[in-house]
Amino acid sequence: MGLQIIKYGSPVLRKKSGEVIENDNALLMAENLFKSLKKEGGLGLAGPQLGLLKRIFVIDTSPLAAEDTTITKIEKAIVNPEIVWFSKEKDYYNEGCLSIPGIFEDVLRPETIEVSYYDLNFSRIEERLYGIKARIFQHEFDHLNGILFIDRLSSLQRKLLSGKLNKIKKLGAG
Ligand code: CO
């Protein structure tokens, strides 16, 4: 596991990650994820983006909280997450991804979700998330299943991006 963020085009980003088990050093994994995330200034980073095919991601809303006081600052590591419920109501949010630099698109996703996961002490947590927290959770959760936000765009949106994506792909594979 490195600290370098893996870019679109690498097959690692398309693999399904395995469960984190107690013998894994989840604390170290989370530290590395936070380190890379803070360096790049993103909102979330998942294991596969550092070449670690484990079901772990970190969330850090501090870049948003700095701009918008209605957003609470949260910094946490999420281990072995599940999304147990999605609201029927959906909304758009402009997403980006540190593995797909320079691309930002409006993505339609459920507004509210109910999730369960483990924290770094292996305590099980269940909660209902909405707004930006639900958004980041869903984006990062997708990474654990080899899904990227561009997969959730309309075919027209994707078509318009294909040139840019191919460019990133060539760099990522190289
Ligand atoms: Co991402």
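Think of the chain as having a plus end and a minus end, set by charges on the Cβ of Lys, Arg, Asp and Glu; of Tyr117, Pro48, Gly9, Gly9 sits farthest toward the positive end of this dipole. Think of the range 97-164 as having a plus end and a minus end, set by charges on the Cβ of Lys, Arg, Asp and Glu; of Leu129, Ser99, Leu160, Leu160 sits farthest toward the positive end of this dipole. Basic side chains Lys and Arg get +1 at the Cβ, acidic Asp and Glu get -1 at the Cβ, and with that the dipole of the chain about its Cα centre reaches some 900 debye.
Each other residue within a Cβ distance under 11 Å of Val58 adds +1 if Lys or Arg and -1 if Asp or Glu, for a net charge of -1.
Relative to the present Cα-Cα distance, how much length would full extension add between Asp68 and Glu127 at 0.36 nm per residue of separation?
Working: separation 59, 0.36 × 59 = 21.24 nm, distance 2.31 nm.
Net length gain for the segment: 18.9 nm.
Using the crude model of +1 on Lys and Arg Cβ and -1 on Asp and Glu Cβ, and no other charge, please compute the dipole size for the range 25-108 relative to its Cα centre, in debye to 20. Intermediate values should be presented prior to the final figure.
Numbers: 9 positive and 12 negative charges, 86 e Å.
For the range 25-108, the charge dipole is close to 420 debye.
Which whole-number percent is the relative contact order of the chain (Cα, under 8 Å, 6+ apart)? Relative contact order of the chain: 26 percent. Shown here: the range 11-171, whose C-alpha atoms stretch 44, 34, 30 Å along the first, second and third principal axes, sorted largest to smallest. Sort out for me the Cα centre separation of the range 59-109 from the range 1-54, rounded to whole Å. If you average the Cα positions of each part, the centres end up 16 Å apart. Shown for the range 1-60: lysine pairs separated by 8 or more places, or found on different chains, whose C-alpha atoms are under 18 Å apart, numbering 9.
Read-outs: derived from the displayed coordinates by stated rules, not from any lab. These numbers come from a predicted model, not from an experiment. Note that each Cβ is placed from the backbone with ideal geometry, even for glycine, and that neighbours are counted across all protein chains shown.
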